[in-house]
Amino acid sequence: MSGNINFEKFVPAHASAVAGWTQAIHESSMWSGRAVHPFREETVLSWRQDPDSQAHILSVSGRAAAYGELWLDPGNREAEVTRIIVSPAARGQGLGVHLVHHLTALAEEAGYSCIYMRVHPSNSAALRCSTRAGFRPVDEESAVSWNRSQPVKYVWLRHEPAEAAALAATL
């Protein structure tokens, strides 16, 4: 990976690029839960309306390269890292892992110690990314309970800070 990596808050000007990063219906579904292609810019913009959701962009040399969200649940002091996607031109360079580390650090700095991810079971790239970022599967009972109301049987993961610190040192 070459170039300057920066993290910034998502702004509406990013929506068109982010919406264009899915390359097929199956990919859109794994990323957002919506089986549509091409993906709509308006949908990405609508996600900003939830006050407990923070959208971020990772840019490389000034160009948007990855998108992700942090959903905060202040009542339970839990956070979820979600909707991670890397632009097709930037995939395979570890940018997803960098973005997940950044979003996790934001949650920890805000005092959230329980940080989760849910990954579509057929999204092997996302599973590798989350594992490299220090996330591990939750216990079976929690996964079964959390999947009851979901459209697919997600792989639920929890951030493990000690493992994440060791893995981050290798990046």
*Qualifying residues in the range 68-103 (those that are surrounded by fewer than 18 Cβ atoms within 10 Å (Cβ to Cβ) and on the phi > 0 side of the Ramachandran plot) - the one farthest from the chain's Cα centre (by Cα)*: Arg77
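Would you point out the residue of the range 20-49, among those that are part of a loop (DSSP other than H, G, I, E, B) and within 16 Å of the chain's Cα centre (by Cα), that is modelled with the highest pLDDT?
Residue satisfying both the conditions and the ranking: Trp21.
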_Number of the exception - Pro121 against (1) free of Cβ contacts under 8 Å to residues at least 12 places away in the same chain; (2) surrounded by fewer than 18 Cβ atoms within 10 Å (Cβ to Cβ)_ = (1)
_Test set (1) crowded, with 19+ Cβ neighbours inside 10 Å; (2) modelled with pLDDT under 95; (3) not aromatic (Phe, Trp, Tyr) - Gln150 fails condition number_ = (1)
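The values are calculated or read from the model by the stated rules, or taken from the named source; none is laboratory data. What you see is a predicted model, and the numbers here were worked out from it, not measured in a lab. Because the Cβ atoms are built from the backbone with ideal geometry, glycine has one as well, and the counts that use them run over all protein chains shown.
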